[in-house]
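J.: I have a structure I would like to understand better, so I am pasting it below and will then ask my questions one at a time.
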Amino acid sequence: MCGIVGILGREPVAMRLVEALRRLEYRGYDSAGIAVLEDGTLKRVRAPGKLGQLMACLAERELKSTIGIGHTRWATHGVPTENNAHPHFAGRVAIVHNGIIENFKTLRASLEAEGIRPETDTDTEIVAHLINRRLGQGLSPLDAVQKTLEELEGAFAFVIMFEGEDDLLIGARRGSPLAVGHGEGEMYLGSDAIALAPFTSRVTYLEDGDLVVLTRNSLTLYDEQGRQTVRPLQFTQASALLVDKGNYRHFMAKEIAEQPAVVGHTMAEYLDFNVNRVTLPELPLDLAGLDRITITACGTAYYAGMVAKYWIEQLARIPVDVDVASEFRYREAPLKKGGFALVISQSGETADTLAALRYCKSMGQHVAAVVNVPESTIARESDVILRTYAGPEIGVASTKAFTCQLTVLAAFAIAMARARGTIDGDEETRLVQTMNRLPRLLVQALSQDSHIEEVAKKIAHARDILYLGRGINYPTALEGALKLKEISYIHAEGYAAGELKHGPIALIDEGVPVVVIAPRDGLFDKTVSNMEEVAARGAHIVLITDEEGARDHGQNTFETIAVPMSDPFIAPILYAIPVQLLAYHAAVFLGTDVDQPRNLAKSVTVE
Ligand code: M6R
């Protein structure tokens, strides 16, 4: 989603704004722009497309200003043209915005009734006009912004600059994230700490409803009620070096390769290998006393939740409801007071997941968040954080965050089962030792990279690709299909292997690739039968199995990818690697924008 930045500096800011925007590229965008106050006058440079195009435009301008705002836009209202790109101007006001103003049509109509003619199709320009109208009524910049915010419905984070105010930026958030960076005689605003990392590690995160007034040497914060308030100063771990791809061609490739290490880091936080026990942070309730668990998340994180349902139900014998957060928030699910809900999110800012969290809290649930960004809104609003240690994930396609989420959820399922007495200490030892083997097995799975690349090239020209899995490997089929479609744009669907005969088998035709995820577990023979059914109808089978499965059933397939032998318990983590690599290599072969696929945003901060 959109990224926003603002700098009140001591040196020229134009290139620094672009540097900060570059660090927000991972969020996904389709146009970009900056505005500065040059000799007291608002000036802007905007361009459709990527930052390279903005840089080309900037090369023709000499901007010396030490105050400015910048934006990467993921279009919501209006196509991604230069005209619709932010910053937007109205009179003395320049503004950048992340979010959606839901009542903008009504507000636009009221402005038009006064004879104001907006130049763009965006909701954001309307906000600039509303603030400017208040300035025209004699209000101060702070009062003008506060009064305008009262009129807005929807989600937003804004950074606002004013002509004639060389030492002032105002930021505000409701729904979308915003952080203040503290420098030496400088102040910054950004959608996240990663954007601000080249300038400072001292950060204040705004709470929902907050408004902040910045000068180069001061910060004044107001809460939702307009009362002056303070928020803690934190030292962020986001590093100025983090956006480096190293020797990899894409962030996604780097992040796939990091999985043995980051899964290992995550395990180290939750598993004590000296005593083979799971150690969770203190929870605000007794796991043994629960009678059901609610899990909500979006996209890949939702698939991690689906895997968790299998683990928790099988090990701890407790029902688990898993919902896509965008549906859950409107389902009005009855939840028993004192119950337990888990939300899962890499970014910790996904609007639907955050809304689901708030719904759960309003229904008296204790909420734990499996989250990768500890400073995020979801982390801050949850009762307990079950943090993943994936490190910053820049590629839009989630890879290492997924396997780290699974790692935490596996540990949680074991702890839950122990608390409820459905497994004994010996079984806990066995499961913890099984997990201990994961980093080594992940390395072995990654060693299949060049073979998987060849397989990917063979299927990359298909129009449709199906993924099949059974039981706990069904979510891996869904995740494999999601990975493929989001970065290669090949149509792909994941199905429960047993469900195929109930309709989807009609899609099978000569040469349609079908990726079958089949570790040698208790359901292996049934999955193989389903594989034979589609093979008999001309499908090109890509079998992803373990060494024994490959030995017994890998001869008559189109291609077979062998994953190291492992306990079925950890198969969802291990088998994530081949499906990620298959999608990655197909996308590279097809020449798509792997790290920033079209239309996608890393962090979906609007509904
Ligand atoms: O940041 P979150 O984990 O809450 O994001 C959820 C989804 O938007 C995300 O997993 C998305 O599906 C990815 N693009 C998948 O690769």
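J.: If you average the alpha carbon positions of the range 403-434 and of the range 10-28, how far apart do those two centres end up, in angstrom?
T.: One Cα centre to the other: 43 Å.
J.: Which of rounded, prolate or oblate describes the range 3-235 when judged by the alpha-carbon gyration tensor and an a/c cut-off of 1.5?
T.: Rounded.
J.: Ordered by residue, what ³J(HN,Hα) values in Hz, to whole numbers, does the range 498-514 give under the Karplus form 6.51 cos²θ - 1.76 cosθ + 1.60, where θ = phi - 60° and Gly and Pro are x?
T.: Per residue, the Karplus-derived 3J(HN,Hα) values read x, 8, 4, 5, 8, x, x, 4, 5, 6, 6, 9, 3, x, 6, x, 10 Hz.
J.: Go ahead and estimate [θ] at 222 nm for the chain from helices alone: -39,500 (n - 2.57) per DSSP H run with n ≥ 4, summed, over the residue count, rounded to 500.
T.: That comes out to -11000 deg cm²/dmol.
J.: Another question, then. Which whole-number value in Å² is the accessible area per residue of the range 445-593, probe 1.4 Å?
T.: Ligands and nucleic acids excluded, the figure is 36 Å² per residue.
J.: Still on this model: Leaving out ligands, DNA and RNA, what percent of the accessible area of the chain is carbon and sulfur, probe 1.4 Å?
T.: On the way: 10720 of 22400 Å².
Its accessible area is 48 percent carbon and sulfur atoms.
J.: Once you have a ≥ b ≥ c as the square roots of the Cα gyration tensor eigenvalues for the range 248-436, tell me rounded if a/c is under 1.5, and otherwise prolate or oblate according to whether a/b is larger than b/c.
T.: Numbers: a/c = 1.85, a/b = 1.04, b/c = 1.78.
Taking the square roots of the gyration eigenvalues as a ≥ b ≥ c, the range 248-436 is oblate.
J.: A follow-up question, please. Can you tell me the length gained on complete extension of the stretch Glu60 to Asn556, counting 0.36 nm per residue apart and subtracting the Cα distance?
T.: Fully extending the segment from Glu60 to Asn556 adds 172.5 nm.
J.: Can you give me the angle between helix 123-136 and the longest principal axis of the chain, using Cα atoms only, in degrees from 0 to 90, rounded to the nearest 10?
T.: 30
J.: Just to verify a number: FRET efficiency for Leu139 and Ala288, C-beta to C-beta distance, R0 = 51 Å, to 0.05?
T.: That pair, Leu139 with Ala288, gives E of 0.30.
J.: Okay, next question. How much area per residue is accessible in the range 221-362 when the probe is 1.4 Å and only protein heavy atoms are counted (Å²)?
T.: Normalised by residue count, the accessible surface of the range 221-362 is 48 Å².
J.: Counting DSSP beta bridges with both partners in the chain, what percentage is antiparallel, nearest 5?
T.: 60
J.: Ranked from the most accessible area to the least, with a 1.4 Å probe and all protein chains present, what is the order of Phe251, Phe589? Mind showing how you got there, number by number?
T.: Details: Phe251 25, Phe589 95 Å².
Result, largest first: Phe589, Phe251.
J.: Same structure again: Taking the solvent-accessible surface of protein heavy atoms with a 1.4 Å probe, what is the per residue accessible area of the range 15-74 in Å²?
T.: Per residue, the range 15-74 has an accessible area of 36 Å².
J.: Then there's this: Mind jotting down the distance between the C-alpha centroids of the range 180-202 and the range 43-114, whole Å?
T.: So the two Cα centres are separated by 21 Å.
J.: Between the range 558-574 and the range 242-309, what is the C-alpha centre distance in whole Å?
T.: Using only Cα atoms to place each centre, the spacing works out to 19 Å.
J.: If amide H atoms are built 1.01 Å from N in the plane of the peptide, which residues on other chains or at least 5 residues away come under 5 Å of the amide H of Val93?
T.: Glu163
J.: Continuing with this model, one more query. Excluding ligands and nucleic acids, what accessible area in Å² is computed for His86 using a 1.4 Å probe, to the nearest 10?
T.: Here the residue's solvent-accessible area equals roughly 10 Å².
J.: Does anyone have the angle between helix 351-362 and the longest principal axis of the chain? Alpha-carbon axes, 0 to 90°, nearest 10?
T.: The helix 351-362 is inclined about 80 degrees to the chain.
J.: Another one. Rounded to the nearest 5, what is the percent of antiparallel bridges among the DSSP beta bridges in the range 163-303? Each step should come with its number before you reach the end.
T.: Working: 22 of 22 bridges.
Once the DSSP bridges in the range 163-303 are tallied, antiparallel ones form about 100 percent.
J.: Ordering Lys337, Lys309, Lys105, Lys602 by how much accessible area each has at a 1.4 Å probe, largest first, what is the list?
T.: Lys337, Lys105, Lys309, Lys602
J.: Separate question: Once the Cβ-Cβ distance between Asn274 and Asn247 is put in as r, and R0 is 41 Å, what FRET efficiency do you end up with, to the nearest 0.05?
T.: Calculated transfer efficiency: 0.70.
J.: If DNA, RNA and ligands are ignored and the probe is 1.4 Å, what is the ranking of Trp74, Trp311 by accessible area, most exposed first?
T.: The residues order as Trp74, Trp311, largest area first.
J.: Starting at the first residue of the range 37-53, write each ³J(HN,Hα) from the Karplus equation 6.51 cos²θ - 1.76 cosθ + 1.60 with θ = phi - 60°, in whole Hz, x for Gly and Pro.
T.: For the range 37-53, the Karplus curve yields 9, 9, 6, x, 10, 5, 10, 9, 10, 9, 7, x, x, 8, 4, x, 5 Hz.
The values are calculated or read from the model by the stated rules, or taken from the named source; none is laboratory data. Given the structure is predicted, the values throughout are model-derived calculations rather than measurements. A quick note on method: Cβ atoms are made from the backbone with ideal geometry, for glycine too, and the neighbour counts reach across all protein chains shown. Ligands, DNA and RNA are stripped out before the accessible areas are found, and what is left, the full protein with its side chains, is counted by its heavy atoms. Shrake-Rupley method; radii C 1.70, N 1.55, O 1.52, S 1.80 Å.
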